[in-house]
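Enquirer: Sending over a structure as structure tokens; questions will come in a sec.
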Amino acid sequence: MGQTITEKIFAAHHRDSPGGDSVVLDIDVVMCHEITTPIAINDLMERGMDRVFDPDKIKAVIDHVTPSKDSKTATQAKILRDWARRHAIRDFFDIGANGVCHALFPEKGFIRPGYTVIMGDSHTCTHGAFGAFAAGVGTTDLEVGILKGVCSFRLPQTIKVTIKGELPTGVYAKDVILRLIKELTVKGATDAIMEFVGPVVDRLSMESRMTLCNMAIEAGATCGVCLPDRVTAQYLWPFIDEQYDSLDQAVADFKRWHSDPDAVYARELTLDVSSLVPQVTYGYKPDEVMDAAELEGTRIDQVYIGSCTNGRLEDLREALRILAGRSVAPGVRGIVSPATPHVYAQALSEGLIQQFVAAGFCVTNPTCGACLGMSNGVLAPGEVCASTTNRNFNGRMGKGGMVHLMSPLSAAAAAVAGCITDPRKYL
Amino acid sequence: MKHFGGASLFLDRHDINTDEIIPAKYLTENSKLDLKPYMLEDLRLEGFDPASAEARAARVIVSRQNFGCGSSREHAVWVFEVNGINVVIAESFARIFRQNMFNCGMLAIELPSADIATLFAARPAEIGVDLEQGLVKADGREFFFTLNSFDRDLVRAGGWLAYADRKY
Ligand code: SF4
């Protein structure tokens, strides 16, 4: 019987079968940020277990609230900073070098095909875009990961999602994943892996694949995954060029992780995107999705472009297709947070930052920012935000606020129009 | 091992997410106990008051499908723990929340929808849990549940850290 990519990764990392359908896996990369890790560090210290299994396999960043906004967040940052220093964790990213974890760590080449990755953050599923198994975990799992380099999972089932057709102008990976979540609902992929395949995925950039995998958790999935190919190898090339003689060799090697033709899937789903139109959410759940045109005219107070979903270069460029030469509508606050220092620097050198400023946007440092309403960009009760983030939960961007999730292009159109609108009419 | 069972709290909705159980703004707390006052503060549920005597006295939560979806924050489990709630009974759970419960030596019990419907219809004030026999007891009735044997071992061990430290 054939295996899926995830089954192959599980087999290659199997440590123990502790009972039931659970397995314990060896973990290649344990990633940490300053919201969920300090409490793990404190707990390990209290138990007299302040150790790490392998400092080179641990990556840490201060990203959710940075620069720190008050004593409490400054303390969280300090706990993580001191711990990284104490254990000689070289890949620790602080002010000046920090950015949103799920954008920063891939950029550094930390994620490779066939890897197992955990983090105390539900959007860790993003990294499946590289053909890895990457899962969000809680703080206890994180503690055990830090201490022992292992994590438990139930044996995965896989939902094969075939994306075919041709993405129309103005329609992006974000629209595709919103449409898929609508179809699957917020629980349709619970305890399953969403494996994205098909001609559309093959043509997507790594950035777009990350957008796709990022929101797999919003359908309940443990991880989203794309099969590693030439696009993956090209993205990773600066980090793997000593390992392989040529790009072709890397691409050929990556094939060992591909799902077998006779692999067994729990469910198969096909989406033809040729007739897909821009999608937006309307409620407090990410499966409450409709066509942008159906919400035409919905007044907004704020536009947020950023986050691990859509804060990468490609996203800024797409937003500027509409924003360049135009201005934010009166009464609307535009905020853009480039996801990493690299994105920021590149956006500067391409003149993108200048265009955002000219359009009337506030440009923040790389951070999670308004996405989770913990530092900047918080909404007042009754306010509405058009956002490129991944969660529209009640209170997410501020108590009493409403978040409409959409693509960077749709958010840019909303900024200019002052309301939700079909972005294609501005192209 | 923790104590399981006691006064009930019925949350009649699907897809209750961890942002509703403990809002992000409280994630700056570095001690579990400091989370205590904020349990279920942002829950979207008609007529629910997180400060009510019923919510404060609760030891067992009963809910519908996909309980604990969204953010991976274990704070959602801890805020229950520090409020004396060691059991959540639901039709289904989100993966990370369910694992976080067992990792803390707490119980995430899945019951078939018919049993959940029966519980909601009767709304018993007290719910008992017999871990060894796999029974939820309420109003003189018994509902069978099964646990993954590993999850049961985690509960017996008092959580994943104790278990993993011994074994790996
Ligand atoms: S950008 Fe938002 S969703 Fe992504 S890691 Fe930060 S807080 Fe989480």
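The values are calculated or read from the model by the stated rules, or taken from the named source; none is laboratory data. Computed from a predicted model, the values in this text were never measured in an experiment. Cβ: placed from backbone, ideal geometry, glycine included. Neighbour counts: every protein chain shown.
Enquirer: Being out of contact with any Ser or Thr (no Cβ under 7 Å at 6 or more places or on another chain), away from the ligand (no atom under 16 Å from the Cβ) and more than 18 Å from B:Phe97 (Cα to Cα) is the filter here; which residues of region B:19-35 pass it?
Expert: If the condition is that a residue be out of contact with any Ser or Thr (no Cβ under 7 Å at 6 or more places or on another chain), away from the ligand (no atom under 16 Å from the Cβ) and more than 18 Å from B:Phe97 (Cα to Cα), then B:Glu29, B:Ser31, B:Leu33, B:Asp34 are the ones that fit.
Enquirer: Just checking, which of A:Asp315, A:Asp422 is over 20 Å from the mean Cα position of the chain (by Cα) and acidic (Asp, Glu)? Please lay out each step first, then the result.
Expert: Details: A:Asp315 fails: over 20 Å from the mean Cα position of the chain (by Cα).
After ruling out the rest, the residue left standing is A:Asp422.
Enquirer: Determine which single condition B:Ile96 fails, assuming it passes every other condition in (1) assigned to a loop (DSSP other than H, G, I, E, B); (2) within 16 Å of the ligand (Cβ to nearest atom).
Expert: (1)
Enquirer: Got at least one residue in region A:76-99 being farther than 25 Å from B:Trp78 by Cβ and buried (at least 24 other Cβ atoms within 10 Å of the Cβ)?
Expert: yes
Enquirer: So for region A:73-96 (the condition being aromatic (Phe, Trp, Tyr), more than 16 Å from the ligand (Cβ to nearest atom) and within 30 Å of A:Ser205 (Cα to Cα)), does at least one residue qualify?
Expert: Start the filter on region A:73-96 by keeping residues that are aromatic (Phe, Trp, Tyr), which leaves A:83, A:92-93.
Filter again for more than 16 Å from the ligand (Cβ to nearest atom), leaving A:83, A:92.
Pick out the ones that are also within 30 Å of A:Ser205 (Cα to Cα) and you get A:92.
Taking every residue of region A:73-96 in turn, at least one turns out to be aromatic (Phe, Trp, Tyr), more than 16 Å from the ligand (Cβ to nearest atom) and within 30 Å of A:Ser205 (Cα to Cα).
Enquirer: Select the strands (runs of 3 or more DSSP E) contained entirely in region A:289-377, then report the ones holding at least 2 residues which are out of contact with any strand residue (DSSP E or B) (no Cβ under 7 Å at 6 or more places or on another chain), over 30 Å from A:Phe92 (Cα atoms) and in the same structural domain as A:Met402 (by TED's automatic domain parsing). Before the answer, list the steps.
Expert: Numbers: elements: A:289-291, A:302-305, A:333-336, A:361-363.
Of the strands (runs of 3 or more DSSP E) lying wholly inside region A:289-377, none has at least 2 residues that are out of contact with any strand residue (DSSP E or B) (no Cβ under 7 Å at 6 or more places or on another chain), over 30 Å from A:Phe92 (Cα atoms) and in the same structural domain as A:Met402 (by TED's automatic domain parsing).
Enquirer: Please work out which residue is surrounded by the fewest Cβ atoms within 10 Å (Cβ to Cβ), limiting yourself to region A:26-42 and to residues that are away from chain B (no Cβ under 11 Å) and among the hydrophobic types (A, V, I, L, M, F, W, C).
Expert: Applying the filter and picking the extreme gives A:Val29.
Enquirer: Still on this structure, I have one more. Condition first: of a type in the set (A, V, I, L, M, F, W, C) and surrounded by fewer than 19 Cβ atoms within 10 Å (Cβ to Cβ). Now tell me which residues in region A:344-362 satisfy that.
Expert: Step one: filter region A:344-362 for residues of a type in the set (A, V, I, L, M, F, W, C), giving A:345, A:347-348, A:352-353, A:356-359, A:361-362.
A:Ala345, A:Leu348, A:Val357, A:Ala358, A:Cys362, listed by residue number.
Enquirer: List the residue pairs whose Cβ atoms are under 8 Å apart, where the first residue sits in region A:92-104 and is in a strand (DSSP E or B), the second is away from the ligand (no atom under 16 Å from the Cβ), and the two are 6 or more positions apart or on different chains.
Expert: So the pair list comes out as A:Phe92/A:Arg81; A:Phe92/A:Ala84; A:Phe92/A:Arg85.
Enquirer: Moving on to the next point. Just checking, which of B:Phe143, B:Phe120 is buried (at least 18 other Cβ atoms within 10 Å of the Cβ), touching an Asp or Glu at 6+ places or on another chain (Cβ under 7 Å) and away from chain A (no Cβ under 14 Å)? So that I can check it myself, show each step before the final result.
Expert: Working: B:Phe120 fails: buried (at least 18 other Cβ atoms within 10 Å of the Cβ).
Every option except B:Phe143 fails the conditions.
Enquirer: Answer with yes or no whether A:Cys125 is of a type outside the set (D, E, K, R), more than 8 Å from chain B (Cβ to nearest Cβ), touching a residue at least 60 places away in the same chain (Cβ under 8 Å) and within 16 Å of the ligand (Cβ to nearest atom). So that I can check it myself, show each step before the final result.
Expert: Numbers: of a type outside the set (D, E, K, R): yes; more than 8 Å from chain B (Cβ to nearest Cβ): yes; touching a residue at least 60 places away in the same chain (Cβ under 8 Å): yes; within 16 Å of the ligand (Cβ to nearest atom): yes.
Criteria met by A:Cys125.
Enquirer: Still on this structure, please answer the following. For region A:1-66, which strands (runs of 3 or more DSSP E) that fit wholly inside it have 2 or more residues that are modelled with pLDDT of 95 or more and within 16 Å of the ligand (Cβ to nearest atom)?
Expert: On the way: elements: A:14-19, A:22-26, A:29-33, A:58-61.
The qualifying strands (runs of 3 or more DSSP E) are A:29-33, A:58-61.
Enquirer: So how many residues does region A:371-396 have that are within 9 Å of the ligand (Cβ to nearest atom) and among the aliphatic types (A, V, I, L, M)?
Expert: Residues meeting the conditions: 2.
Enquirer: Within region A:378-427, restricting attention to residues that are assigned to a helix (DSSP H, G or I) and among the charged types (D, E, K, R), which residue is farthest from the other protein chains (Cβ to nearest Cβ)? Let's see the steps before the verdict.
Expert: Taking region A:378-427 as the starting set, the residues that turn out to be assigned to a helix (DSSP H, G or I) are A:408-417, A:423-426.
Applying the additional criterion that residues be among the charged types (D, E, K, R) yields A:424-425.
Details: A:Arg424: 31, A:Lys425: 34 Å.
Looking at the filtered set, the residue picked out is A:Lys425.
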